[in-house]
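In what follows, a single structure is set out as structure tokens and then discussed.
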């Protein structure tokens, strides 16, 4: 028993000794300056809530819609086309059909099973509502089953909203 304890103690001392000797032999001075310099570092913390997101008022989206093109929106909509159809007789896919979505009540297609959050949202899809939703769907309507991360670029959102507005029997007026 004594031999085992002495062996363990000797192994620990040997390991610590080798560690200290290697620190002396391979000593490296810490550089005065970091190897990677970052100029003007400033950190900002932003929190985005529904009320903060709604600050993208009608004036902002309407101005963006005036400068957007439906042709660009068609290109951007390709991101949406994996889950949604936009054709007039297009059926539901993973997501509901989006023909005539603007002006329609959220969660109102009868043959599509919406999440509880979307079904009880209770608002109509206006330009402002769609813009806020497309920024980050999960933040705009908490509990939605839509997993799309959103469109961060205002120009892309405006173009796809304009494209969706053109794909309807009764487009909303661009005031």
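Any read-out appearing in this document is the output of simple, stated calculations on the displayed coordinates, not a laboratory observation. Just so it is clear, the structure is predicted and the values come from calculations on it, not from any experiment. In this analysis, Cβ positions are derived from the backbone assuming ideal geometry, glycine residues included, and neighbour counts consider all displayed protein chains.
Rank the residues 139, 23 as a footprinting-exposure proxy: fewest other Cβ atoms within 10 Å of their Cβ go first. Can you show the working numbers first?
Numbers: 139 16, 23 10.
The fewest-first ordering by Cβ neighbours comes to 23, 139.
For helix 58-67, what angle does its Cα long axis make with the longest principal axis of the chain, in degrees from 0 to 90 and rounded to 10?
It works out to around 80 degrees.
Counting other C-beta atoms within 10 Å, which of 164, 62, 1, 146 has the fewest, and how do the rest follow?
1, 62, 146, 164
If contacts are Cα pairs under 8 angstrom and at least 6 residues apart, what is the relative contact order of region 70-166 in percent?
Relative contact order for region 70-166 comes out at 33 percent.
Treat each spin label as a single point 7 Å out from the Cα along the C-beta direction, and report the residue 33 to residue 110 distance in nm.
Computed distance between label sites residue 33 and residue 110 equals 7.2 nm.
Roughly what would the spin-label model give for residue 166 and residue 88, points 7 Å off Cα along C-beta, in nm?
1.6
Ranking 163, 27, 112 by Cβ neighbours within 10 Å, fewest first, what do you get?
27, 112, 163
Here are some values of Rg and Dmax of the Cα atoms in Å: (i) 18.5, 58; (ii) 16.6, 47; (iii) 29.0, 93. Which one was computed from this structure?
So the calculated entry is the one marked (iii).
Relative to the longest principal axis of the chain, what angle (0 to 90°, nearest 10) does the C-alpha long axis of helix 2-25 take?
70
Roughly speaking, what is the centre-to-centre gap between region 130-162 and region 72-103 when only Cα atoms are used, to the nearest Å?
Computed from Cα coordinates, the inter-centre distance equals 14 Å.
Full-extension gain between residue 119 and residue 138, please, as 0.36 nm times their residue separation minus the C-alpha to C-alpha distance.
Between residue 119 and residue 138, full extension yields an extra 5.4 nm.
Given the DSSP H assignment, sum -39500 (n - 2.57) over each helix run of at least 4 residues in the chain and divide by its residue total; what's the result at 222 nm in deg cm²/dmol, nearest 500?
So the calculated ellipticity at 222 nm is -12500 deg cm²/dmol.
Calculate how steeply helix 154-166 sits against the longest principal axis of the alpha-carbon atoms of the chain, using the helix alpha-carbon long axis, and give the answer as 0 to 90 degrees to the nearest 10.
The answer is roughly 30 degrees.
Does anything in region 155-173 have its amide N under 11 Å from the 7 Å Cα→Cβ label point of residue 70, and if so which residues?
The answer is 162-172.
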